[in-house]
Amino acid sequence: MGSIAEGLANVLGIVFNMVQLLVLASVIVSWVGADPSNQIVQMIHRATEPIYRPIRKFTSKIPGPLDWSPIVVILIIVFLQSAVVKALLNYARTSY
């Protein structure tokens, strides 16, 4: 059972890192004003917008021009990496 937990922790860690990279890419794309008809820009937008949408319901109430949803997503991912992934890895180490 420990090896399954370790494998799941590793896969989750990779997925969380990929989502972080996508969020970072979306922030960079928004800063540089990339061409919205570019296929890579469209792919980044399609991948991140479903993640941002539920968070924007809460962050849209914060005044100012800054979109807080990427920051909140990164914070949530960091929390999940430190809580869920580490808990799975600890479980895997103790169950051998």
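Nothing in this text is a laboratory measurement; each read-out follows from the coordinates by a stated rule. Note that the structure is a prediction, hence the values are computed from the model and not measured. When we count neighbours, we look across all protein chains shown, and the Cβ atoms used for this are built from the backbone with ideal geometry, even at glycine.
A Förster radius of 35 Å combined with the Cβ-Cβ distance from ILE71 to TYR91 puts the calculated FRET efficiency at roughly 0.70. When the Cα convex hull of the chain is projected onto planes of every orientation, the mean area is 7.1 nm². Can you find, among VAL19, ILE44, ILE76, the residue farthest towards the positive end of the dipole of the chain? Put +1 on the C-beta of Lys and Arg, -1 on that of Asp and Glu. Of the options given, the answer is ILE76.
Grab the Cα-Cα distance for VAL27 and VAL11, subtract it from 0.36 nm times how many residues apart they are, and report the gain in nm with one decimal. Write out the running numbers ahead of the final one.
On the way: separation 16, 0.36 × 16 = 5.76 nm, distance 2.45 nm.
Extra length available between VAL27 and VAL11 comes to 3.3 nm.
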